[in-house]
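So the structure is just underneath, and the comments pick up after that.
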Amino acid sequence: MYTKNQIIELVISDLGSEGEGIGKIDGFTFFVKNALPGDRIEARVLKVKKNYGFAKVERVIKPSSFRIETPCDIAAKCGGCQIMNMTYERQLEFKNAKVRNNLIRIGGIDEAYLDSILEEPVGMEPEKGYEVPVRYRNKAQYPIGVNRDGKMIAGFYAGHTHSIMEADDCYLGSPDNKVILKAMLDYFEQNHISAYDEKTGKGLIRHVLIRTAYAYKEIMVCVVINGKTLPKSEGLIEKLLALKLDGTIKSISISPNMDNTNVIMGNTFEVLYGQGYITDKIGDVDFRISPLSFFQVNPVQTVKLYNQALEYADLKGTETVWDLYCGIGTISLFLAGRAGRVCGVEIIPQAIANAIENAKINNKDNAFFYVGKAEEVLPAFYEGQDMKPYILDGTESIRTDREDFLSPDVIVVDPPRKGCDEACLETMVRMNPERIVYVSCDSATLARDVKYLYENGYKLKKARAYDLFPNTVHCEAVCLLAK
Ligand code: SAH
């Protein structure tokens, strides 16, 4: 048997769903982070269970042909980029296989049939001078803490922990972030503003959120604080506005979060400088984004994904479409230009406020929105409750098109990782749309829901993986289901 700290030699034969290397010795399986299929490694045993164990790479004896140098020095420790040491081609293959396997194993889709409808995965071009795509993210959230010497630091949580690893830059984000972060830390130090301590619940600064709208080069900074006000904030504003950046800071805000939980943002935000939003463009639609709203992190890939959703929706101009889990109305407004009418449903009120503004700035007067849980709004609407949607001017409207929305042509869903609630799926089926377009960030729950829809009369017609998160194990997928 194996014991902790034992040194073993291992050939990695496979990749687990979290990007960990898998190697076997006489039927005993080891999971090894940062190891790749084809690697021959010397590993240190970390933990031993009955039939499997965990080990750590000590030395690569013979590297896999997929192994590359990571541009980032801390990739192995940070945990954010689990597969940055893999060629991009292999990363894409890994993600496609993950979507495919889940649809077969969890979704119950016939393998040969799936292979006839699964389209080529869509990836990004690696950055000039790099082997993998980098600097694609428009959003960065840095936890703030102190190091052993009591100095304030910003960084990232080291993989699966809550200890902050100091890092002033991230290869996935904008180069401006580093400059902004340094100015903020200087300002906190100079004004003796403390970092929040999760253990004691004391201290003020929890996180710094920086969002960039690449289309218009607008930057938003939001400080998440364990309190209601940020002392001497005029000084911070002055300091940030004086920075030499590639983009322009359009918004500085605080978001109070006094809860002792893992949730990063508070429920509200208060503007200290500028607007409460930045504006980005996807395709030919402008979007206002507030600190609290969901917005896809990779604009280059997002437009491809939304165009695919549009293609699968196959709109001729007169259709009635629901867009469930609509966020700030991204997909809704993308579809509104090609449909008769679109109605979005979203749980976060501030996101719907953005969605209404976005409908207005893009002159989409055929887009309507409801605030609430998709699994509550949709059944309530179907059961005949008189629900007035929000429209363009932010007021509630009289519904004259109720009949159309009771039997829509297309329903688009884009749920969070946990997928759709069954009450939502059940009502979708009862509404009997011609097509369902399912956009997903977790192919396991996607596959579960595809199975439910299949058992209720909808067949998977097309599926495609979209890599919105290069160097990480995450992947988006979009599916077309039809009667
Ligand atoms: N379609 C949007 C947002 C997708 S992310 C886009 O592409 O930008 C998923 C969204 O679902 C988030 O905005 C989240 O706030 C919202 N959400 C989470 N649970 C929900 C629920 N039960 N009902 C409705 N919306 C929900």
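The values are calculated or read from the model by the stated rules, or taken from the named source; none is laboratory data. The shown structure was predicted, so the numbers you read here are calculated from the model rather than taken from an experiment. Here the Cβ positions follow ideal geometry from the backbone for every residue, glycine too, while neighbour counts run over all protein chains shown.
Does any residue of the stretch 71-81 turn out to be touching a Pro at 6+ places or on another chain (Cβ under 9 Å) and farther than 26 Å from T445 by Cα? Checking the stretch 71-81: not a single residue is touching a Pro at 6+ places or on another chain (Cβ under 9 Å) and farther than 26 Å from T445 by Cα. Given the criteria more than 10 Å from the ligand (Cβ to nearest atom) and surrounded by fewer than 21 Cβ atoms within 10 Å (Cβ to Cβ), does N267 qualify? For N267, the condition - more than 10 Å from the ligand (Cβ to nearest atom) and surrounded by fewer than 21 Cβ atoms within 10 Å (Cβ to Cβ) - is met.
You will find that of L335, L406, L378, L392, the residue that is surrounded by 15 or more Cβ atoms within 10 Å (Cβ to Cβ), farther than 24 Å from L305 by Cβ and in contact with a helix residue (DSSP H, G or I) (Cβ under 8 Å, 6 or more places away or on another chain) is L392 and no other.
The requirement of being over 24 Å from the mean Cα position of the chain (by Cα) and within 30 Å of R135 (Cβ to Cβ) is not satisfied by V11. Determine whether A359 is within 15 Å of the ligand (Cβ to nearest atom) and touching a residue at least 60 places away in the same chain (Cβ under 8 Å). When the stated conditions are applied, A359 does not pass them. Considering every residue within the stretch 253-261, establish whether at least one is within 16 Å of the ligand (Cβ to nearest atom) and touching a helix residue (DSSP H, G or I) at 6+ places or on another chain (Cβ under 9 Å). No, that holds for no residue. Of all residues in the stretch 338-356, those satisfying the criterion of being buried (at least 21 other Cβ atoms within 10 Å of the Cβ), farther than 18 Å from I278 by Cα and more than 10 Å from the ligand (Cβ to nearest atom) are A339, V342, C343. So for the stretch 305-325 (the condition being touching a residue at least 12 places away in the same chain (Cβ under 8 Å), in a loop (DSSP other than H, G, I, E, B) and within 10 Å of the ligand (Cβ to nearest atom)), does at least one residue qualify? Yes, there is a match, as at least one residue in the stretch 305-325 is touching a residue at least 12 places away in the same chain (Cβ under 8 Å), in a loop (DSSP other than H, G, I, E, B) and within 10 Å of the ligand (Cβ to nearest atom).
Among the residues examined, F156 qualifies as in contact with a Cys (Cβ under 8 Å, 6 or more places away or on another chain) and among the aromatic types (F, W, Y).
Here's a check for you: in the stretch 452-483, which residue that is assigned to a helix (DSSP H, G or I) and out of contact with any helix residue (DSSP H, G or I) (no Cβ under 9 Å at 6 or more places or on another chain) is surrounded by the fewest Cβ atoms within 10 Å (Cβ to Cβ)? Only one residue tops the list, namely E455. Please verify whether E422 is of a type in the set (D, E, K, R), in contact (Cβ under 8 Å) with a residue 24 or more places away in the chain, within 15 Å of the ligand (Cβ to nearest atom) and buried (at least 16 other Cβ atoms within 10 Å of the Cβ), treating the condition exactly as stated. So E422 fails the test. Among the numbered conditions (1) assigned to a helix (DSSP H, G or I); (2) more than 27 Å from the chain's Cα centre (by Cα); (3) free of Cβ contacts under 8 Å to residues at least 60 places away in the same chain, the only one that T445 does not meet is (2). Contact map, the stretch 285-303: first residue under 11 Å from N358 (Cα atoms) and more than 12 Å from the ligand (Cβ to nearest atom), second residue among the hydroxyl-bearing types (S, T, Y) and assigned to a loop (DSSP other than H, G, I, E, B), Cβ cut-off under 9 Å, separation 6 or more or different chains; pairs are D286/Y216; R288/Y277. Of all residues in the stretch 10-25, those satisfying the criterion of being of a type in the set (G, A, S) and outside any loop (DSSP other than H, G, I, E, B) are S13, G21, G23. Residues in the stretch 378-404 that are outside any loop (DSSP other than H, G, I, E, B) and under 17 Å from I328 (Cα atoms): Y390 only. If you go through the stretch 5-26 and keep only what is of a type in the set (D, E, K, R) and either under 14 Å from D39 (Cα atoms) or touching a strand residue (DSSP E or B) at 6+ places or on another chain (Cβ under 6 Å) (or both), you end up with E9, D14, E20, K24. Among the residues of the stretch 173-184, the ones that are surrounded by fewer than 21 Cβ atoms within 10 Å (Cβ to Cβ) and either assigned to a helix (DSSP H, G or I) or at pLDDT below 95 (or both) come to 5 in all.
Taking the numbered list (1) crowded, with 16+ Cβ neighbours inside 10 Å; (2) touching a helix residue (DSSP H, G or I) at 6+ places or on another chain (Cβ under 8 Å); (3) assigned to a helix (DSSP H, G or I); (4) not polar (S, T, N, Q) in turn, I193 passes all entries but (3). Of all residues in the stretch 45-71, those that are under 11 Å from Y2 (Cβ atoms) and not aromatic (F, W, Y) total 7.
Within the stretch 353-377, the set of residues being within 14 Å of V342 (Cα to Cα) and aliphatic (A, V, I, L, M) comprises A355, I356, A359, A367.
Let's see how each residue does on (1) at pLDDT below 95; (2) among the polar types (S, T, N, Q); (3) over 27 Å from G150 (Cβ atoms); (4) outside any strand (DSSP E or B):
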residue	(1), (2), (3), (4)
R211	no, no, yes, no
V221	no, no, no, no
L240	no, no, no, yes
L245	no, no, yes, yes
I254	no, no, no, no
